[in-house]
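Structure record follows, encoded as structure tokens.
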Amino acid sequence: MNHNRREFIKGLATASSAIPFSSAFGTSITEVPKKRFPISFFTKAIDGYDLEFMTETLGLSGLDGLDLVVRPQGRVEPERIEDDLPKVVETAKRSGLVTEMMVTAICDRDKMSEQVLATAAKVGVKYYRLGWYDYNYSIGIWNSLQDIKKRIAKLAQLNRELGIQGGYQNHSGNKVGAPVWDIWELLQVTYPELIGSQFDIRHAVCEGSSAWVLGLQLLSQHINSLAIKDFTWEMTGKKAEIVSVPLGEGLVDFNLYFKMLKELNIIAPITLHIEYPLLRKEEEGFSLLQKQKIIVSKIKKDVSFIRSKLTEFQLV
């Protein structure tokens with residue numbers, strides 16, 4: 001990830017609770033990945049399958065790694081991380097996949113988050129997604145953000161100690177960060193090498209049909225991972241509902257998106273999210289081999305779409 005350091009540091013210099021810059025780079029946090037945009041898969045869509053099946057399927061799909069769900073009811077339960085995470089990492093390796101990203105529900109520094117992140121860092125996880133924060137409407141939006149900044153700063157310190165990066169995902173709805181300006185405010189107490197933005201283009205477009213370009217520019221120097229997926233709107237009665245679709249078949253302007261990644265010099269690992277059905281209802285009864293062929297073809301199509309855009313816009 002390349003940043004204009006001078007401008008970035010200058011912009012953070014007045015943040016009263018910022019972590020000292022000299023201590024922010026005392027670890028190997030900023031190791032350069034083998035690829036500029038390695039593509040991992042957010043495993044939620046296939047967490048219900050056997051581990052061997054999951055990793056083999058993803059290995060056949062042209063991916064680089066896993067964005068593993070490590071949260072309650074995920075592939076790895078936080079309480080079992082010391083036993084289960086190393087097994088996932090080793091199993092994934094046999095399919096040619098690295099496990100450098102994970103999704104968590106972590107919002108605070110506490111005993112469980114310390115255990116989860118220490119174990120993850122030990123087995124080679126470099127990036128994790130935080131959980132989502134809620135506004136405290138009794139004190140208002142702004143005061144809520146000021147309280148959350150203190151929690152972010154404590155997590156950032158833990159990340160510095162362990163050599164791992166956190167990322168906060170913008171998500172459509174009413175959680176903190178749906179308006180990406182909130183995320184910019186929260187990240188004034190840290191650095192992207194510790195906690196940054198996991199910029200989700202789909203949710204940015206959902207909340208700002210045209211204004212997402214402003215959000216991307218605002219957060220550009222804080223982005224340390226990219227969540228990619230597509231969607232369209234469907235009218236149900238008088239209500240518009242989000243419908244997930246394969247990449248390139250929805251409303252996200254990927255040509256403009258990848259063009260801006262290049263112009264803004266954003267280089268970060270990608271997590272591919274597939275939230276449309278991987279199997280139709282009538283395919284659920286197929287054999288595992290038949291299911292695998294269908295799933296691989298769909299994931300591979302999205303992976304190929306991303307790689308073609310990276311090539312088209314000279315980002316590889």
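Restriction of the trypsin sites (Lys or Arg not before Pro) in segment 187-286 to DSSP coil positions whose beta-carbon has at most 15 other beta-carbons within 10 angstrom yields Lys238, Arg280. Residues Ser172, Ser40, Ser138, ranked from the fewest to the most other C-beta atoms within 10 Å, line up as Ser138, Ser172, Ser40.
Helix-only arithmetic for the chain: the sum of -39500 (n - 2.57) across DSSP H runs with n ≥ 4, divided by the residue total, places the mean residue ellipticity at 222 nm at -12000 deg cm²/dmol.
Taken along the Cα-to-beta-carbon direction at a fixed 7 Å, the label points for Trp181 and Arg36 span 3.3 nm. Taking a spot 7 Å from the Cα of Leu251 along the direction of its beta carbon, which residues of segment 210-245 have an amide N less than 13 Å from it? Within reach of a label on Leu251, which here means backbone N under 13 Å from a point 7 Å along Cα→Cβ, segment 210-245 contributes 210-212, 230-236, 239-245.
Cβ-to-Cβ counts within 10 Å put Glu56, Glu282 in ascending order as Glu282, Glu56, the fewest first.
Taking other C-beta atoms within 10 angstrom as a stand-in for reagent exposure, Phe286, Phe37, Phe199, Phe313 fall in the order Phe286, Phe313, Phe37, Phe199, fewest first. Restricting segment 70-157 to chymotrypsin sites (Phe, Trp or Tyr not before Pro) that sit in a DSSP loop and have at most 11 other Cβ atoms within 10 Å of their own Cβ leaves Tyr137. For the chain, a crude dipole built from +1 on the beta carbon of Lys and Arg and -1 on the beta carbon of Asp and Glu, taken about the Cα centre, is about 620 debye to the nearest 20. Here the Gaussian network model covers the chain, with springs between Cα atoms less than 10 Å apart; of Pro78, Pro277, Pro269, Pro277 fluctuates the most. The antiparallel fraction among DSSP beta bridges confined to segment 32-312 stands at about 20%. Relative contact order, whole percent, for the chain stands at 19, derived from Cα pairs under 8 Å and 6 or more residues apart.
Of the options (i) 18.3; (ii) 16.1; (iii) 16.9, only one is mean projected area of the Cα convex hull in nm² as computed from these coordinates, and that is (iii).
Values in this text are rule-based calculations from the coordinates and carry no lab data. Just so it is clear, the model here is predicted, and its values are computed rather than measured. Quick reminder, even Gly has a Cβ in these numbers, built from the backbone with ideal geometry, and neighbours come from all protein chains shown.
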